[in-house]
Amino acid sequence: MARSFDELTAQEIAAGIAAGTFSAAEVTAAALDAIAARETEVQAFLQVTPELAQEAAARIDAARAAGEALPPLAGVPLAVKDNMNLVGTRTTCASRMLETYESPYTATCVARMLAAGCIPVGKANMDEFAFGSSTDSSAFHPTNNPWDTARVPGGSSGGSAAAVAAGMVPLSLGSDTGGSIRQPAALCGVVGMKPTYGAVSRYGVVAFGSSLDQVGPFGRTVADVALAMDALVSGGRDPYDSTAQDVVPGFAAAAASAEDLAGTRIGLVPAFMEAEGLTAEVRTGVERAASALEAAGAELVEVDLPHVDAAIAAYYVIGPAEAFSNLARFDGIRYGYQEPGCTNLADQSARSRAHGFGAEAKRRQMLGAYLLSSGVYDQYYYAAQKARTLITEDYSAAFARVDAILMPATPHAAFRHGEISDPTQMYLSDMYTISLNIAGNGGISVPVGLGADSGLPMAAQLVAPAFADERLITYAAVIERALGRAAGGSVLGVAPAFAGKGGELR
Ligand code: GLN
């Protein structure tokens with residue numbers, strides 16, 4: 001019986017291929033077909049890679065025919081954020097600066113997903129160099145939210161989130177420096193996880209803020225995100241990233257263990273729930289998640305994070321300072337865009353940077369240059385590092401009392417393209433996500449249904465102590481089980497305007 005490929009979870013696709021219900025080639029054809037049918041309206045991709053996908057699918061089908069054991073995500077289509085290197089693709093970071101840059105090697109995170117059997121179907125759109133919360137700052141085109149194409153998918157990993165929400169892929173990779181996985185996941189109604197800093201290798205991911213950046217997966221179900229996490233950490237510590245740690249793959253097991261939460265304490269931060277700017281419908285959604293955890297036996301406890309108010313200010317010092325250092329390599333000589341007609345090196349660099357970078361990328365770098373200059377360094381950068389210590393200590397103190405903290409992921413639902421033009425207003429859309437990048441611990445955004453006022457996806461965010469990321473999976477799976485109703489047990493499934501559009505699987 002014919003059905004749409006987008007009804008299947010990653011788990012079901014891999015199981016179906018292993019059982020011979022369908023082949024990797026058939027799934028790949030369905031994914032490419034779904035992309036072709038939906039992409040004009042969503043514009044999630046900067047590059048679709050049918051040849052790479054078909055080659056990978058053929059290898060899976062040949063391995064199965066030869067009787068080899070298949071890896072856990074064999075035949076599962078994957079979208080990769082365009083700041084991650086993948087040989088055979090350009091890695092543009094959605095910037096004119098890297099418009100023609102060919103990946104010289106494959107990032108560890110991508111290589112591990114491919115080793116787990118994923119099929120790379122394309123590179124996903126993003127805010128330029130991951131600066132942003134809307135994907136509107138892509139130098140090439142915006143991405144539309146599959147739940148309402150007049151709205152943004154969030155950012156900076158907006159293409160990765162939208163591709164999953166539109167049913168074009170069951171899994172994607174994003175990066176999160178201040179919220180860029182969790183915020184678009186929330187706005188698109190999918191699950192998105194930022195593991196603890198150091199859990200996943202950053203090797204081969206174009207750096208934004210090296211002390212903040214972390215790679216993580218998007219999926220429509222918690223179990224699928226868990227499988228992707230297992231793939232990302234398997235193989236152990238990556239010797240090419242000095243900050244990467246050894247994490248034992250136990251995420252799928254953590255998803256399966258989501259039953260009784262008796263003895264578990266979940267923290268709620270009253271100041272977050274009463275914050276100015278938090279919409280009533282998001283608050284209701286978080287309360288729904290809290291009730292689900294309580295019904296499973298968890299005890300809800302109030303906790304305080306007294307210095308978290310300083311997180312956005314600290315982030316907009318540390319982030320731009322690190323970005324300014326990292327983006328200095330785009331000098332118009334070694335990488336990327338070279339302004340023609342320059343007669344000396346200084347001119348070559350200045351004019352290439354002036355024309356290669358968009359407005360937000362320039363704003364961040366000018367801010368970073370200023371913040372790191374002598375005289376102001378102590379006043380801002382040093383102060384931000386002190387705030388970072390205080391915020392980290394706040395989380396440690398809270399985690400002495402609770403196993404995890406539940407909070408909003410974003411203050412409001414997806415906004416319209418162009419609706420937020422003031423950069424500082426845009427920065428506030430990360431008010432709930434940024435403090436985790438400052439402190440380093442992990443967080444997950446899980447859908448909790450549609451908002452009563454907007455009719456758009458709502459989400460809750462769970463936060464765990466550093467390297468206790470499997471708890472995020474367990475508690476998110478409890479929430480999903482209580483609230484889930486769509487395909488595969490997911491809370492919202494594929495956005496209705498796109499569900500079943502192309503991508504038929506025989
Ligand atoms: N929106 C935040 C910023 O603009 C976070 C971006 C990110 O996580 N990459 O910096």
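The values are calculated or read from the model by the stated rules, or taken from the named source; none is laboratory data. The model shown is predicted, which means the values in this text are computed figures rather than measured ones. Every residue, glycine as well, gets a Cβ built from its backbone with ideal geometry; the counts of neighbours run over all protein chains shown. Each accessible area value is taken on the protein alone, full model and side chains, heavy atoms only, with ligands, DNA and RNA left out. Shrake-Rupley method; radii C 1.70, N 1.55, O 1.52, S 1.80 Å.
Restricting to region 61-85, give me the number of residues that are out of contact with any Leu (no Cβ under 7 Å at 6 or more places or on another chain), among the hydrophobic types (A, V, I, L, M, F, W, C) and open to solvent by 10 Å² or more (accessible area, probe 1.4 Å). The number of residues fulfilling the criteria is 5. Please name all residue pairs, on different chains or six or more residues apart, with Cβ atoms under 9 Å, provided the first residue is in region 490-506 and is more than 20 Å from Leu450 (Cβ to Cβ) and the second residue is hydroxyl-bearing (Ser, Thr, Tyr) and open to solvent by 50 Å² or more (accessible area, probe 1.4 Å). Once the first residue is more than 20 Å from Leu450 (Cβ to Cβ) and sits in region 490-506, no partner that is hydroxyl-bearing (Ser, Thr, Tyr) and open to solvent by 50 Å² or more (accessible area, probe 1.4 Å) comes close enough. For region 477-486, the set of residues classified as outside any loop (DSSP other than H, G, I, E, B), closer than 16 Å to Leu450 by Cβ and small (Gly, Ala, Ser) consists of Ala482 only. Can you say whether Thr28 is buried (at least 23 other Cβ atoms within 10 Å of the Cβ) and of a type in the set (Ser, Thr, Tyr), as far as the supplied structure shows? Answer is yes for this residue. Restricting attention to region 410-429 and to residues that are charged (D, E, K, R) and either open to solvent by 80 Å² or more (accessible area, probe 1.4 Å) or part of a helix (DSSP H, G or I) (or both), the residue that is nearest to the ligand (Cβ to nearest atom) turns out to be Glu419. Applying the criterion of being assigned to a loop (DSSP other than H, G, I, E, B) and either within 16 Å of the ligand (Cβ to nearest atom) or modelled with pLDDT under 95 (or both) to the residues of region 115-126, the residue that is nearest to the chain's Cα centre (by Cα) is Met126.
Residues of region 86-97 that are of a type outside the set (Lys, Arg) and touching an Asp or Glu at 6+ places or on another chain (Cβ under 9 Å): Val87, Gly88, Thr89, Thr91, Thr92, Cys93, Ala94, Ser95, Met97. Residue count for region 127-141 satisfying the condition of being touching a strand residue (DSSP E or B) at 6+ places or on another chain (Cβ under 7 Å) and either without any contact (Cβ under 8 Å) to a residue 40 or more places away in the chain or within 12 Å of the ligand (Cβ to nearest atom) (or both): 1.
Taking the criterion of being under 27 Å from Val191 (Cα atoms) and modelled with pLDDT under 95, the only residue of region 377-418 that qualifies is Gly418. So which residues in region 142-156 are within 16 Å of the ligand (Cβ to nearest atom) and in contact with an Asp or Glu (Cβ under 9 Å, 6 or more places away or on another chain), if there are any at all? The answer is Pro142, Thr143, Val152, Gly155, Ser156. Cβ separations smaller than 6 Å between residues 6+ apart or across chains give the following pairs from region 178-190 residues that are in contact (Cβ under 8 Å) with a residue 12 or more places away in the chain and within 12 Å of Tyr432 (Cα to Cα) to residues that are among the aliphatic types (A, V, I, L, M) and away from the ligand (no atom under 12 Å from the Cβ): Arg182/Ala409; Ala186/Ala409; Ala186/Ala459. Kindly indicate whether Ser242 is closer than 30 Å to Glu12 by Cβ and surrounded by fewer than 21 Cβ atoms within 10 Å (Cβ to Cβ). Criteria not met by Ser242. The set of residues in region 168-214 that are under 19 Å from Ala255 (Cβ atoms) and of a type in the set (Val, Ile, Thr) comprises Ile181, Val190, Val191, Thr196, Val200. Apart from one condition, Thr91 fits all of (1) open to solvent by 20 Å² or more (accessible area, probe 1.4 Å); (2) within 16 Å of the ligand (Cβ to nearest atom); the exception is (1). Going through (1) farther than 28 Å from Arg485 by Cβ; (2) open to solvent by less than 10 Å² (accessible area, probe 1.4 Å); (3) within 16 Å of the ligand (Cβ to nearest atom) one by one, Val269 falls short only on (3). Of the numbered conditions (1) modelled with pLDDT of 95 or more; (2) more than 23 Å from Ala452 (Cα to Cα), Glu259 satisfies every one except a single condition; which is it? Tallying (1) modelled with pLDDT of 95 or more; (2) more than 23 Å from Ala452 (Cα to Cα), Glu259 fails exactly one: (1).
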